[in-house]
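> There's a structure below that I have some questions on.
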């Protein structure tokens, strides 16, 4: 019976060692995510959510200007 208690305490200690590593790691990653989220808010990343969706629909492309060739051009294929 005492043998079972020794084995269970070994497993419990091993699990606690892992939690002592994982909990600070999770808090650190959460803090880094929070810092980047606050940075994105302060730099205006979420200011204009609909602008890009509307800009793609606006057809304001400038048509290419045609270049006139004179008849004495050597590259006419004659």
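> Mind listing whichever residues of segment 37-59 are surrounded by 10 or more Cβ atoms within 10 Å (Cβ to Cβ) and not in a loop (DSSP other than H, G, I, E, B)? Walk me through it before giving the result.
Kept after step one, since they are surrounded by 10 or more Cβ atoms within 10 Å (Cβ to Cβ), are these residues of segment 37-59: 37-41, 45, 48, 55.
Scanning segment 37-59 gives 37, 38, 39, 40, 41, 55.
> Does residue 45 meet the test of being modelled with pLDDT of 70 or more and more than 36 Å from the chain's Cα centre (by Cα)?
Values: modelled with pLDDT of 70 or more: yes; more than 36 Å from the chain's Cα centre (by Cα): no.
No: the conditions fail for residue 45.
The values are calculated or read from the model by the stated rules, or taken from the named source; none is laboratory data. Bear in mind the structure is a predicted one, so any value in this text is a computation, not a measurement. Cβ sites come from the backbone with ideal geometry, for glycine too, and all protein chains shown count toward neighbours.
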